[in-house]
Every structure is written in structure tokens, then in C-alpha cells.
Amino acid sequence: MLASVCLCSFLAWPSLDNLIYLSIKYCAAGLTLVFFSYQFWQLTYWHCRFSLSRDGEGQIAFSGRSELAAVDEIVTEKFTLVMSPIVTPLVVFFYVHTQDMHVGHRRLVIVWADMLDDTSYRHLCRLLLTN
């Protein structure tokens, strides 16, 4: 969504016949397209695995492309829920505070309903709402 808004904004630029202006415009559009393409490509290799207990504590592991070969060697971090979560039928937002983070830092975790099967999503929502 953000990529489409950014790329469509180049249509609002005025049409001038200045060679320097056109080269800046097309270079900026090209760099924007390359940036969002690279981010999308990196996103295909990213994953997050977490478990949550009834007392609001759990374990979380983030991984990128370089760590995919050694899935068994991923180091999990313990976390606690920081704020009350936002639970909707389509998406859940909750903040976690891991042990290695500095005081006051928290990480937002977003789980869309289609990332899990229906039973797991409902169970996650129930766990988050009870904490």
C-alpha cells in the first residue's frame, strides 16, 4: 500500500521538458521502485515464531534470510506483554518487551487473522484478552 502511494506520487510531479528535472524525477522513481522491490524480496525470507503463556510471558524468535538454513539454531528471547493488546476480527496488535532490550523499549507485533488457522487465531485472541 505504501509502495503504491509513493510510486503514484510521481504522477503528480509537473511535466517539464528540462533534462535535469526529468533525470532527477526518473532516478527518484527508479530508486523508489528498487527500494520497495528489495524490501518485498527480503520480506519473503522473514519469519517470526512465538509462544505465549496464560500469564502474559512467552518466547519469540525473529529470523531473516541468513538464518533460514539453521532453523534449529535460532535463539529465542523471553518476552512479556507491555500494554493491553488491540484485538479485532482481522488483526491483533500487541507490544512485547524482551530481556535484551533496554528499559522503555518495546516491539510491536502484528498478527493478521490469515497468518494462523481460525482456531489458533481465536486462542491467541483469548490469551491476549485475559492478560
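Does segment 109-131 contain any residue that is surrounded by 10 or more Cβ atoms within 10 Å (Cβ to Cβ) and at pLDDT below 80? Within segment 109-131, one or more residues are surrounded by 10 or more Cβ atoms within 10 Å (Cβ to Cβ) and at pLDDT below 80.
Residue-by-condition table, conditions (1) of a type in the set (A, V, I, L, M); (2) in a helix (DSSP H, G or I); (3) at pLDDT below 85; (4) surrounded by 11 or more Cβ atoms within 10 Å (Cβ to Cβ):
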residue: 33; (1), (2), (3), (4): yes, yes, no, yes
residue: 42; (1), (2), (3), (4): no, yes, yes, yes
residue: 45; (1), (2), (3), (4): no, no, yes, yes
residue: 55; (1), (2), (3), (4): no, no, yes, yes
residue: 69; (1), (2), (3), (4): yes, yes, yes, no
residue: 78; (1), (2), (3), (4): no, no, yes, yes
residue: 92; (1), (2), (3), (4): yes, no, no, yes
residue: 104; (1), (2), (3), (4): no, no, yes, no
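The values are calculated or read from the model by the stated rules, or taken from the named source; none is laboratory data. Computed from a predicted structure; not experimentally measured. As a convention, Cβ positions derive from the backbone with ideal geometry for all residues, glycine included, and neighbour counts pool all protein chains shown.
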